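Below: one structure, written as structure tokens.
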Amino acid sequence: MTKHEHIRAILSDPRFSSNRRDPGFPSLSREPPPASDLKKLLLELDPPEHGQARRTVLGEFTVQRTQALGPRIQQIVDQHIDAMLAGPRPVDLVQAFSLPVPSLVICELLGVPYADHEFFQTRSGTLVNQKSTAEEVARATGELMMYLGKLVAAKAQEPTDDLLGRQIAKQRETGEVDFGDLVAMAFLLLIAGHETTANMISLSTLVLLQQPEKLAALRQDPAKTLAAVEELLRYFTIAEQALGRVAREDVELGGVQIRAGEGVLLLANTGNRDPQVFENADELDLDRGSRNHLAFGFGPHQCLGQNLARLELQIVIDTLFRRIPELRSAVPVDELSFKTDATVYGIREFPVTW
Ligand code: HEM
């Protein structure tokens, strides 16, 4: 499905399932998904299990709870800019800034030691790379699950005040701690929490450097950043290949007959350039002010971390260009390598200087 209207219709229609382990589920990966006896992730659940599972963590991601993380996010952003300014030039923005900032934020929120970031970043990189073989995916999943299993077990022994610690305490109040559930939740949040925002940071920096008049307008009036972030999310739609569903019954939509068991790919990227919804859709218009986009999906599975992602991007954009006004790409854009083979679009390496 390519049209905004149809994508929204499917994402909010209970006749379509999110079960990624269903044989009909569409995948752009060359390898079939590994048969898995692991607990289903939130992303894979259908009602009523999905609503129940989502409600257990929803409170951690409200606008209010997220806003409270603002000062700490600002500190993390400033520390990484300090380190960049003190270090050699050019520097790879991805490794020095885009990846560690959201990674540290999600680690602190969850209670995962950031010192282990190399371990989980390489594994989650394998998971979102469509060129990874089924064997590689299975190995990376197993290793991450094992790591998180040990972490959750340690937290059950010694309570901690972080998302995982609070979930353990909450489960204890109502009965037994379900380790499988907690590990599955930690796994999803850890991957979703840094692979996505990191790519948005690099891409947003690049496009603003390429369109200096837009960046100048933004710097003159930081009140515009929030709307700008929304437009950047629409413009890039980085989770462009992440949305799929499988039909549970026969459905007719937009003149297409979808039979029960068939998979549907929802091209949010195309939906976000639908001329019936967005005027001059191919243009980056930072004043567009539309939140009607599909970058975070739509319906019951709409991104749980969207408030956090928005806040991180807002702080990053406001701070990076204010603190390094002479920031520029150190190589011509056509020398950059883009992640066209991954579930999430982005830039692999982005050498910058100032
Ligand atoms: C779901 C995109 C950041 C956690 C989703 C979905 C999209 C998306 C498109 C819907 C998938 C579907 O319907 O099948 C993005 C983008 C981000 C971002 C573009 C950054 C710019 C984050 C962050 C977190 C997060 C920072 C965690 C802190 C999740 C979770 C789900 C989800 C847990 C599953 C929700 C559910 O199934 O109920 N995201 N995401 N995301 N996202 Fe994000």
Criterion first (in contact (Cβ under 8 Å) with a residue 12 or more places away in the chain, part of a helix (DSSP H, G or I) and touching a helix residue (DSSP H, G or I) at 6+ places or on another chain (Cβ under 7 Å)) does A156 satisfy it? yes
Given (1) assigned to a helix (DSSP H, G or I); (2) in contact (Cβ under 8 Å) with a residue 12 or more places away in the chain; (3) touching a helix residue (DSSP H, G or I) at 6+ places or on another chain (Cβ under 9 Å), identify the lone condition not met by G59. (2)
Scope segment 307-332; condition of a type in the set (S, T, N, Q) and part of a helix (DSSP H, G or I); matching residues: N307, Q314, T319
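Residue by residue through segment 293-302, note down the ones that are in a loop (DSSP other than H, G, I, E, B) and surrounded by 15 or more Cβ atoms within 10 Å (Cβ to Cβ). Steps first, please.
Here is the first cut: in segment 293-302, the residues in a loop (DSSP other than H, G, I, E, B) are 293-298, 302.
Of everything in segment 293-302, those that are in a loop (DSSP other than H, G, I, E, B) and surrounded by 15 or more Cβ atoms within 10 Å (Cβ to Cβ) turn out to be H293, L294, A295, F296, G297, F298.
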Take segment 288-334 and flag every residue that is within 30 Å of L266 (Cα to Cα) and more than 16 Å from the ligand (Cβ to nearest atom). R288, G289, V333, D334
Would segment 128-135 turn up any residue that is surrounded by fewer than 20 Cβ atoms within 10 Å (Cβ to Cβ) and touching a helix residue (DSSP H, G or I) at 6+ places or on another chain (Cβ under 9 Å)? yes
Hey, among D82, D92, D116, which residue is among the acidic types (D, E), surrounded by 13 or more Cβ atoms within 10 Å (Cβ to Cβ) and out of contact with any Cys (no Cβ under 7 Å at 6 or more places or on another chain)? D92
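Values in this text are rule-based calculations from the coordinates and carry no lab data. All values reported here derive from a predicted model rather than from experimental measurement. Because the Cβ atoms are built from the backbone with ideal geometry, glycine has one as well, and the counts that use them run over all protein chains shown.
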